[in-house]
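The values are calculated or read from the model by the stated rules, or taken from the named source; none is laboratory data. What you are looking at is a predicted structure, and each value in this text was computed from that prediction instead of being measured. Cβ coordinates were reconstructed from backbone atoms using ideal geometry, including for glycine residues, and neighbour counts include every protein chain displayed.
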Amino acid sequence: MNKNLYMKKIGEKAKTASLNLSNLSINKKNSVLRQFSQYLKKNEKLILNANKKDISNAKSKNIKNSMIDRLKLDSKKIKQIRNSIKKIIIFKDPVGKTLSSWKRPNGLIIKRVSIPIGVIGVIYESRPNVTSDVSALCFKSGNVVILRGGSEAFHSNKILAKLFKKALKKKKCDENCIQFVESRDRTHVDYLLAGMKNYIDLIIPRGGKGLIQSMVENATVPYILDGDGNVHLYIHEDADADKVNKIVINAKVQRPGVCNALETLIIHNKYIEQNGSKIIDELLANGVEIFIDEVLSLEYPNCKVATEDEYYMEFHDYKIAIKIVENLDEAIEHINIYSSGHTESILTKDEYAAEKFSNSIDSSVIFINASTRFTDGEIFGFGAEIGISTQKLHVRGPMGLEALTSERYIVKGHGQIRE
C-alpha cells in the first residue's frame, strides 16, 4: 500500500471514531478502561515477551543502559500502569463541564463548556508505558489518538495498543478510537506532521531534539512542545547541607534517562567554602561523569572542564555539568540562558531567594527544596501524563485529562435578534 494512503486511511478512521466517541457516556468509557486493565493483567506474560524482543534489539544496537531502563517492562511496571488506569477511572469526566455561565441584558444565556480537542497524534520514543497512559487519557477525555511509537519499543507498543483495541471491541466501541502506526518507516512521521491537517487537530511529540526540530519546521497542525529536559538544580549559600546530597543524588542518579533528571548542578561558591565539595565526591562515587567548572578544575584534574556544549546538553545518562556562581543572580542568569524551560530547583532556607528564583526563571515547573524527579503527571495527581509541555500555550507542565480539553460557548435564546 502507498505509504501516504496508509496514513490517510488511519486519519479517515480517526475522524469517524471521533464522532462515535463524542456520544459515549462516562460510564461506558470507564468500562473500557477497566476492561483494558484486566487484559493487561491477563496478558502480562505476552507483554513481557514482546518487551524482551525490544530489549534484545536495543542491546544489539548498543543503546546505553539509561535508555534501556526507560524501555524495560516488568511485573512491577505493569502493575504501575494498571494503577494509573485505576486513578484515571476515578476522575470525573473532563468534558461537558460548564466552566462559567452568565445572562446578558437581552436575555441570552451564555455558557462556556469544556469539549474534547478531537483527534490527537502522539509521536514518542522509548517508554512503552506511554502507549497505555496516552490511550487511557485520550479516551477518557473524549479524544481519538493516533500513536506512532519509537522503533526501539515497537513490539511492546504494538501489544499494548492491540489490548486496548480489544477492550474497545469487547465493550462494543469503535476500535479506531486508538490506532497504532504499525510501521517503523520514519516517513510516516513526516506525513503525520505535514500531510494530515485534514484529520489531526493536535500533535504532541515526546522525543529528542531531532523530532522537535522536524515538527517545528514541518507541522501543519497545532502542536504542544514536550521539549528537552535540560534540568537545573541550584544550591544556594544557606542550603541545608544535611539534605543537599540526598536531593542531588536522587535528582541525578535514580533514573538518569528520564526528562526530569538533573543535568546541570549550580553551586554557590560560599556553600563550597562552608561545606566543602562533598556533593561532587558523592556524585563521582555514584558513577556519575562530571564536567567540572574551571573554579574546581585543579581539585578535580581527572574531570573534563564544562563547556557551552555540556551546559546545553540533556545527557540522559550518568553525566552532569557543574557551574560555580558567586550569587543568586548569576545562577538565574545561567539557567535562563541554557534552560529548555522544563524543570528547575533551588535548595535554600531563604524565602526571599526562593521567591526571586521562582519569579525570575521562565520554566514550566519550579521546585523549592525538593528533587526535580517529581515533575510527573502521576506524582502531580493526574493519574498519568500525556507529556510535559515546555511552552506557554495551550498548557504548561505535566499534562493530564484537563489539558486534553478545549472549550466553546453554548448560547441559549428565546427568539432574540440583533438590532
What helices (runs of 4 or more DSSP H), lying completely within the stretch 3-63, carry at least 1 residues that are under 27 Å from D190 (Cα atoms) and hydrophobic (A, V, I, L, M, F, W, C)? 3-21, 44-60
Since K169 meets every condition but one in (1) out of contact with any strand residue (DSSP E or B) (no Cβ under 8 Å at 6 or more places or on another chain); (2) surrounded by fewer than 23 Cβ atoms within 10 Å (Cβ to Cβ); (3) at pLDDT below 95, which condition does it not meet? (3)
Selected residue [surrounded by fewer than 24 Cβ atoms within 10 Å (Cβ to Cβ), touching a residue at least 60 places away in the same chain (Cβ under 8 Å) and not assigned by TED's automatic domain parsing to the domain that holds A321] from G208, G257: G208
State yes or no: is E407 closer than 30 Å to I109 by Cα and of a type outside the set (G, A, S)? yes
Out of (1) of a type in the set (K, R); (2) in contact with a Ser or Thr (Cβ under 7 Å, 6 or more places away or on another chain); (3) outside any loop (DSSP other than H, G, I, E, B), the odd one out for K252 is which? (2)
Which numbered condition M67 fails, given (1) in a helix (DSSP H, G or I); (2) closer than 22 Å to I178 by Cβ; (3) touching a residue at least 24 places away in the same chain (Cβ under 8 Å): (2)
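Here's the yes/no breakdown for (1) more than 20 Å from the chain's Cα centre (by Cα); (2) surrounded by 18 or more Cβ atoms within 10 Å (Cβ to Cβ); (3) outside the structural domain of K209 (by TED's automatic domain parsing):
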residue	(1), (2), (3)
E44	yes, no, no
N57	yes, no, no
N62	yes, no, no
K77	no, no, no
G118	no, yes, no
A136	no, yes, no
Can you pull out the residues in the stretch 297-314 that are in contact (Cβ under 8 Å) with a residue 12 or more places away in the chain and either over 15 Å from S339 (Cβ atoms) or more than 28 Å from the chain's Cα centre (by Cα) (or both)? E299, Y300, C303, K304, V305, A306, T307
Quick check, is A136 of a type outside the set (D, E) and either at pLDDT below 95 or part of a strand (DSSP E or B) (or both)? no
Residue within the stretch 387-409 that is closer than 20 Å to G208 by Cβ, of a type in the set (V, I, T) and touching a residue at least 12 places away in the same chain (Cβ under 8 Å) present: yes
Just one of the numbered conditions (1) on the phi > 0 side of the Ramachandran plot; (2) touching a Leu at 6+ places or on another chain (Cβ under 7 Å) is not true of S345; which one? (1)
Can you name the condition, by its number, that I335 falls short on among (1) assigned by TED's automatic domain parsing to the domain that holds D133; (2) touching a residue at least 60 places away in the same chain (Cβ under 8 Å)? (1)
Considering only residues that are of a type in the set (A, V, I, L, M) and under 25 Å from the mean Cα position of the chain (by Cα), look in the stretch 46-55 and name the one that is farthest from I81 (Cα to Cα). I55
The lone exception for I203 - which of (1) in a helix (DSSP H, G or I); (2) modelled with pLDDT of 90 or more; (3) under 18 Å from the mean Cα position of the chain (by Cα); (4) among the aliphatic types (A, V, I, L, M) it fails: (1)
When you check G96 against the structure, is it surrounded by fewer than 23 Cβ atoms within 10 Å (Cβ to Cβ), farther than 20 Å from L211 by Cβ, assigned by TED's automatic domain parsing to the domain that holds N49 and in contact with a Ser or Thr (Cβ under 9 Å, 6 or more places away or on another chain), yes or no? yes
